[in-house]
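Down below is the structure, laid out as structure tokens.
The values are calculated or read from the model by the stated rules, or taken from the named source; none is laboratory data. Note that the coordinates shown come from a computational prediction; the quantities given were computed from them, not determined experimentally. Neighbour counts run over all protein chains shown; Cβ positions are idealised from the backbone, glycine included. The area values use the complete protein model at the heavy-atom level, side chains included, leaving out ligands, DNA and RNA. Shrake-Rupley method; radii C 1.70, N 1.55, O 1.52, S 1.80 Å.
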Amino acid sequence: NAGVTQTPKFQVLKTGQSMTLQCAQDMNHNSMYWYRQDPGMGLRLIYYSASEGTTDKGEVPNGYNVSRLNKREFSLRLESAAPSQTSVYFCASIPRQSNTEAFFGQGTRLTVV
Amino acid sequence: GENVEQHPSTLSVQEGDSAVIKCTYSDSASNYFPWYKQELGKRPQLIIDIRSNVGEKKDQRIAVTLNKTAKHFSLHITETQPEDSAVYFCAASTGNTGNQFYFGTGTSLTVIP
């Protein structure tokens, strides 16, 4: 039981390049989330998926797209990376019932130069 | 949407002293308030949570209090130890569809041996 797994752990991109961050959970959770973490700004929600087949914007969705490929996987895509997207990205998941613990992946440190 | 404010942003205490971190929230519909601890380079992990039908919850050296009228909640760590040094995040959730968590900006706690 691996929990929430993110790949890659580190990535350096050039401005304008694209990439996809992968996230998978093996806990049969319904809801999945992508956050970015920047110094002094906490964790800000980029996109979330309440259930398989649905996705919604969070607080800071501009410059990102997501895909809920199936119940296990939720990917985050940067179509044209910008230096402002340099951050640590965390994927998280929550069981069906509300108001319970969110389980986080180990994070992806992305640098855009 | 919900706005969660967290203070202080940094906190240093002597080993054995107590530490208190405070958060306020804006959405009166929020009813779940977790606290996460993030060690350097690691993922956030839940340490304690409280629901709106409870005013206080304790788990060994950690306690959380909630004042729904004033819309604030606090984390109390007693008898601090060096291993308590980390960044702590508060969060609030309404438990609605999507179960979005809104995080505070974090408190960096340093326990001085």
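Computed over the Cα atoms, what is the radius of gyration of chain B divided by 2.2 N^0.38 Å, N being its residue count?
Scaled against compact globular proteins, the figure is 1.02.
Using a 1.4 Å probe on protein heavy atoms only, how many Å² of accessible area do A and B hide from each other, summed over both chains and rounded to 100? Using a 1.4 Å probe, the pair buries roughly 1900 Å². As a calculated quantity, the FRET efficiency between B:SER28 and A:LYS71 at R0 = 30 Å, using C-beta atoms, amounts to about 0.35. When only alpha carbons are used to place a centre, the stretch B:48-113 and the stretch A:1-22 end up 29 Å from one another.
Using 0.36 nm times the number of residues separating B:SER9 and B:HIS72, minus their current alpha carbon distance, what extension gain do you get?
Working it through step by step, the gained length comes to 21.1 nm.
3J(HN,Hα) along the stretch A:87-92, derived from phi through the Karplus expression 6.51 cos²θ - 1.76 cosθ + 1.60 where θ = phi - 60°, amounts to 5, 9, 9, 10, 9, 9 Hz, with x in place of Gly and Pro.
Taking amide H as placed 1.01 Å from N in the peptide plane, B:SER26 has its amide H under 5 Å from the amide H of B:ASN3, each at least 5 places away in sequence or on another chain. Backbone amide hydrogens, once placed in the peptide plane, bring A:LEU13 within less than 5 Å of A:THR111, A:VAL112, A:VAL113, excluding anything fewer than 5 places away on its chain. Of the residues B:ASN53, B:VAL13, B:ALA70, the one whose Cα sits farthest towards the positive end of the charge dipole of chain B is B:ASN53 (charges of +1 on Lys and Arg Cβ, -1 on Asp and Glu Cβ, taken about the Cα centre). Electrostatic tally near B:SER30: other residues with Cβ closer than 12 Å to its Cβ, Lys and Arg +1, Asp and Glu -1, net +1.
Count the net charge of all other residues whose Cβ sits under 12 Å from the Cβ of A:THR108, scoring Lys and Arg as +1 and Asp and Glu as -1. Around A:THR108, the surrounding residues sum to +4. The Cα atoms of the protein assembly as shown cover 49, 36, 34 Å along the three principal axes, with the biggest extent listed first.
Rounded to the nearest Hz, the phi-derived 3J(HN,Hα) couplings of the stretch A:21-38 under the Karplus curve 6.51 cos²θ - 1.76 cosθ + 1.60 (θ = phi - 60°) are 8, 9, 9, 9, 10, 10, 9, 6, 7, 7, 9, 9, 9, 10, 10, 10, 10, 10, where x marks glycine and proline.
For the peptide B:99-108, the mean number of other protein chain Cβ atoms found within 10 angstrom of a residue's Cβ is 6.
Rounded to the nearest 0.05, the FRET efficiency derived from the C-beta distance between A:GLN22 and B:ASP17 at R0 = 35 Å is 0.25.
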